[in-house]
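The values are calculated or read from the model by the stated rules, or taken from the named source; none is laboratory data. These numbers come from a predicted model, not from an experiment. Note: ideal-geometry Cβ built from the backbone for every residue, glycine included; neighbour counts use all protein chains shown. Accessible surface is based on the protein model in full, side chains and every heavy atom, while ligands, DNA and RNA are left aside. Shrake-Rupley method; radii C 1.70, N 1.55, O 1.52, S 1.80 Å.
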Amino acid sequence: MKSSSLIEIAMKEAEDYYARNNIAVTLRGLFYILVSKNVLPNTKSAYKRLSEIIAKARYEKRFPAYLIRDVTRASIHLEKLEHYPEELSEEKLKELVQSILNNYATYSMNPWKDQKKRVIILVEKEAQYELIKKIVWENFEFGVYKIVFSRGYDSATDMINLAGEIKSL
């Protein structure tokens, strides 16, 4: 089956699922819908092909991003303050983060107040996510906007959502 035909069929099924359930389908759920309708065989290679085709179509905006949800990667918003005082250069930002890492307890002011930039930590390995989240949560009262757990590879859902979130900040 051609990629364009698969995208068209997958989009119709994802739209139908969304309309019926008011929630986006997962890629695996979409795969099983397509398998049940004899559009795809129930094989690892068919799933991988679907994943690659749908991700590419989503990045190219030929398949609406909101129709697929990803439930395999965790993220948590940690930022407690919403405004930052002045725009900090990347160098100054690095100095502040290093200073906090070296001696976070000495800070009595919020250098992030009215800052236009946010710190997002991307954790690749699943085994490290909880530890990193705990360290950041306990040691940074401000400054880390979000921690994202990527499981070692990107997800079209996460990358599109994160890009939209960054644009809106």
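Once you put a point 7 Å from the Cα of SER3 and another 7 Å from the Cα of GLU124, both along the Cβ direction, what distance in nm separates them?
2.6 nm
Given 0.36 nm per residue, what is the gain on full extension from LYS92 to SER45 after removing their alpha carbon distance, in nm? Before the final figure, lay out each step's value.
Numbers: separation 47, 0.36 × 47 = 16.92 nm, distance 4.75 nm.
Difference between extended and current length: 12.2 nm.
Keeping the other protein chains in place, figure out the carbon and sulfur percent of the accessible area of region 8-55, with a 1.4 Å probe.
Values: 1480 of 2890 Å².
Here carbon and sulfur together make up 51 percent of the probe-accessible area.
Between LYS37 and TYR59, take the C-beta separation as r, use R0 = 22 Å, and let me know the FRET efficiency to the nearest 0.05. It would help to have the intermediate numbers written out before the result.
Details: r = 25 Å, r/R0 = 1.16.
It comes to 0.30.
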